[in-house]
């Protein structure tokens, strides 16, 4: 009988894993077919490869490395569409780190980069599971890996050859050392790599400072500064200085690609409504976004400072989201940074049974909606609906919706206090009276003994 039950259990496991595998393959295939028809397979990597070539052949001056005309001409030679709003916008140190990839023919290099991005996604999920649950549980790893590989941000990032999956792995490894191993110095190594690749990971310093992770911050700055100084003879000091000067200009140029669904930040959503209402971009949208940034930063700071140390998993999720929470430009691949937040909320469901029914319901709804909004099938559905019904343009902001509900849920959980904690912090009159009565009895008994 036991053998019969075990056989059925193994069979169900096999069927479930096969179903998940088919789901992942089918959705990913549809996404890649779409990217292929639009000629976007490896598109972003084309800009990287151009920069790698310039560093490899010592053309590292500002005029060569960041020459948009030369970049567009190179991409045109590879068969990519022409987009005057795009160019290489990453630090020269990133090009130096990976310039060896320019030795390989372009399309071979694309495949190698995409493979590295896929492996980074898998390793990032693995390190997240190790960080949150301590030990690897097969069910957690399989479900979370399947979820990650069916999300639009990951598949789009891997398909176009961007760098966000690699940054996600850097964040996950840094969190593993910081929160699970309590080794802040080692946590600085992958975080420094992320900063050298793309400047925006520096925004996590806001949350690290609130959590007093001074060691990680100190070593990250030292590693980044050390490698940057080391790179000067190879990339040129003036190139780095010019990059710092033009950093904001790069972001403004990328935002010319349009509002939501391209830009899924609040600013992009506001611009979408302004565009479809036949009104030009007004200062009102910028003012609203600026106010949003101030309010959100204040609320995040209060939530983190009020939270107790045992809510480190929620703090981890909030830390991961910082590069995109206050950014005026949030492209779909950038949303990979919400995955640790989703895992943190899922962990609250699986590890803590002390929450009341309402809180558990909020967690379930948040996790489910966040996954649905970022999933490939939902993206396909929105693309189909808005293509045939243009008046429904306003539904094409699922990434922004996912970002908002995850942010609200994290702040809610960070501020949530269990009733037992409140009683412990503020003892009732009855408890205080009983303690005073017991103390009085002890004093009288000791006095009687002395007599």
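The values are calculated or read from the model by the stated rules, or taken from the named source; none is laboratory data. Source: prediction; values computed, not measured. Neighbour counts are summed over all protein chains in view; Cβ atoms, including those assigned to glycine, are modelled from backbone coordinates with ideal geometry.
Quick notes
- Of the numbered criteria (1) over 19 Å from the mean Cα position of the chain (by Cα); (2) in contact (Cβ under 8 Å) with a residue 24 or more places away in the chain; (3) farther than 29 Å from residue 258 by Cβ, the one residue 128 fails is (1).
- Residue in region 168-177 that is over 30 Å from residue 20 (Cα atoms), free of Cβ contacts under 8 Å to residues at least 24 places away in the same chain and assigned to a helix (DSSP H, G or I) present: yes
- Screening residue 243 on (1) out of contact with any helix residue (DSSP H, G or I) (no Cβ under 7 Å at 6 or more places or on another chain); (2) outside the structural domain of residue 392 (by TED's automatic domain parsing) shows it passes everything except condition (1).
- Against the conditions (1) at pLDDT 95 or above; (2) assigned to a loop (DSSP other than H, G, I, E, B), residue 318 satisfies every one except (2).
- Within the set 270, 305, 275, the sole residue that is assigned to a helix (DSSP H, G or I), touching a residue at least 60 places away in the same chain (Cβ under 8 Å) and over 30 Å from residue 96 (Cα atoms) turns out to be 305.
- Among the residues listed as 235, 216, 240, 200, the single one being closer than 14 Å to residue 323 by Cβ and crowded, with 17+ Cβ neighbours inside 10 Å: 200
- All conditions but one from (1) within 28 Å of residue 27 (Cα to Cα); (2) surrounded by fewer than 18 Cβ atoms within 10 Å (Cβ to Cβ) apply to residue 135; the one that does not is (1).
- Subset of region 79-115 that is over 26 Å from residue 236 (Cβ atoms) and surrounded by 17 or more Cβ atoms within 10 Å (Cβ to Cβ) - its residue that is farthest from the chain's Cα centre (by Cα): 80
- Residue 378 being at negative phi, assigned to a helix (DSSP H, G or I), at pLDDT 95 or above and surrounded by fewer than 19 Cβ atoms within 10 Å (Cβ to Cβ): yes
- Output for region 223-249, where each listed residue is over 30 Å from residue 410 (Cβ atoms), in contact (Cβ under 8 Å) with a residue 24 or more places away in the chain and in a helix (DSSP H, G or I): 227, 228, 231, 234, 235, 238, 239, 240, 242, 243, 246
- Top-ranked residue of region 321-354 - restricted to ones that are outside any helix (DSSP H, G or I) and touching a residue at least 12 places away in the same chain (Cβ under 8 Å), ranked as nearest to residue 162 (Cα to Cα): 331
- Here the condition is being in the same structural domain as residue 104 (by TED's automatic domain parsing) and exposed (fewer than 12 other Cβ atoms within 10 Å of the Cβ); of 28, 19, 51, it holds for 19 alone.
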